[in-house]
Amino acid sequence: MHLLETLVAAAALLGVGVEAAIPKLPLPKSCTGVSAFRNANTVASGWSAVKIAGGLKQVRHVIWDSEGHMLVSQATRGISVHTFGADGCINSTSLLISGAQLNHGLALTPDSKTLYASSETTAFSWSYDPVAMKVSNQKTVVKGMSTGVHSTRAIQVVAKNPNLILLQVGSNANLDMAAANKATGRAIIKIFDMSKAPSAGYNYNSDGEVFGYGLRNEIGFVADPNGVFWGVENSGDDFTRTENGNRRDIHKDNPAEKLNNLGDPMTVRDAWYGYPTCFSVWDPSSFSGLKTGSHFVLAPNSSYNDATCNGKAIAPRLTFQAHSAPIWNTFDDDAKNMYVTFHGSWDRQPATGFKVVQIPFTRLADGSYDPVAPADSMTGYKDIFSATNPASCTANGLTQSNCFRLTAASWDPAGRGLFVGSDNSAEGEIYILSPK
Ligand SMILES: *[C@@H]1O[C@H](CO)[C@@H](O)[C@H](O)[C@H]1NC(C)=O
Ligand SMILES: *[C@@H]1O[C@H](CO)[C@@H](O)[C@H](O)[C@H]1NC(C)=O
């Protein structure tokens, strides 16, 4: 299918209006005025990489409006909007919303008329004019989100009913035991109906409905063409496993980071994914009788063991190397592949992550989308762009490193490829990775 047909088909499938077609743009070889890549990188064969923007603040998320303009959430700065010239390079940049507290989430309704962005505690909406690239009518739509170690709040709009938004809050500690209770409003994704929002905004913890919980930090999630959401989850650090009074360090290659099939928010409610009790195996050699992707408990006892978890908690559909720190995911045009950015580790020597991976997907006989690899695979994804020597990448704090810190991932509606961002505090950058 050509891009336009794909967009039309996807829009028809999602039951949303067909948006104005976004004209195709050429892939630039380089862009005047954009500095060189700040950090050494390796591009997989069959792919190219171009830096399209530099000198930004911490890039967290990249989205597109109905005119093909690029909106970028830059933590510590706000939301910027960028237009492109006929050469495919950026030809204008302006700050749409100034707000140092806006630190991650960014979403538009399918008609591009309502924009959402988030701070640690609050989600806001604006009326957006994609032609003039102006916002007005700022509202607080959800407030009272917890504060703690995980400070970013991902937002997505449900295309089948654009009144519904999904809003995520992570745990407030490595092992946030209280988050087992949904009422804490942590380790959770909730659904809020914007058509019924109180004028002062919903209260996150007491209002809305629960889409999924037991999600330690589901920092990014994206819908496939059927409207089923797929989330990437950052799992725990410094773990040990205690069996029969014997405690072992398992942290180097366990627990796995997860790719969860979160289901369709039109129907799924209260799905439980295991945190803070059940975690997923990456390296099975640390366990007897468990495979990659199986759930385990940190300390099995007579009332709760690995089998209890595997009977109760929804297992991930695929897992990633422990401590990769997946931040965001996106599909290509026809959902043949998902791409995930790995921010990179601090809790592992040698370091890992600091790359973009591709997960081949397939369409099953029932029409659903699914990864090609089985759930116990350790090879279900491959690197397409990575730090040249990831093992030597440092991670001082969340955004300092001698390597890029990959965050945003978004497939370009103008056909140039995969846009990815870095929130390295030395320089926010955006690259285009393109299949040759
Ligand atoms: C950017 O390029 C587009 C396409 O060529 C053009 O329509 C637009 O006027 C340009 N904007 C600026 C600010 O140069
Ligand atoms: C058994 O393990 C479960 C899950 O980790 C925990 O909630 C429970 O308190 C434990 N029970 C005992 C008696 O330690």
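A few notes on this one:
- Stretching residue 349 away from residue 377 to a fully extended chain increases their span by 7.8 nm, per 0.36 nm per residue minus the current alpha-carbon distance.
- Charged-residue dipole, Cβ positions (Lys, Arg, Asp, Glu), segment 115-177 about Cα centre, Debye nearest 20: 180
- Helical runs (DSSP H, four residues minimum) scored at -39500 (n - 2.57) apiece and divided by the length of the chain put the mean residue ellipticity at 222 nm at -1500 deg cm²/dmol.
- Tilt relative to the chain, helix 3-14 - C-alpha long axis, 0 to 90 degrees, to 10: 60
- Think of each Lys and Arg Cβ as +1 and each Asp and Glu Cβ as -1; about the Cα centre, that makes the dipole of segment 3-435 roughly 560 debye.
- Measuring r between the beta carbons of residue 209 and residue 32 and using R0 = 51 Å, the FRET efficiency lands at 0.55.
- For the chain, the solvent-accessible area with a 1.4 angstrom probe is 38 square angstrom per residue.
- With all protein chains in place and ligands, DNA and RNA left out, the 1.4 Å accessible area ranks 32, 93 as 32, 93, largest first.
- Note on residue 113 and residue 291: the extension gain reaches 59.5 nm, defined as 0.36 nm multiplied by sequence separation minus the Cα-Cα distance.
- Greater than 25 Å apart at Cα, pairs in 139/160; 57/196; 113/436; 24/113; 113/355; 29/355: 57/196; 113/436; 113/355
- Whether segment 289-364 is rounded, prolate or oblate, judged on the alpha carbon gyration tensor where a/c under 1.5 counts as rounded: oblate
- Gyration tensor (alpha-carbon) shape descriptor, segment 178-237, a/c threshold 1.5: oblate
- Ligands, DNA and RNA left out, the accessible area of the chain computed with a 1.4 Å probe is 51% carbon and sulfur.
The values are calculated or read from the model by the stated rules, or taken from the named source; none is laboratory data. What you see is a predicted model; the values in this text were computed from it and never measured. Using ideal geometry, Cβ is built from the backbone for each residue, glycine included, and neighbour counts are taken over all protein chains shown. Please note that ligands, DNA and RNA were not included when accessible areas were found on the heavy atoms of the full protein model with its side chains. Shrake-Rupley method; radii C 1.70, N 1.55, O 1.52, S 1.80 Å.
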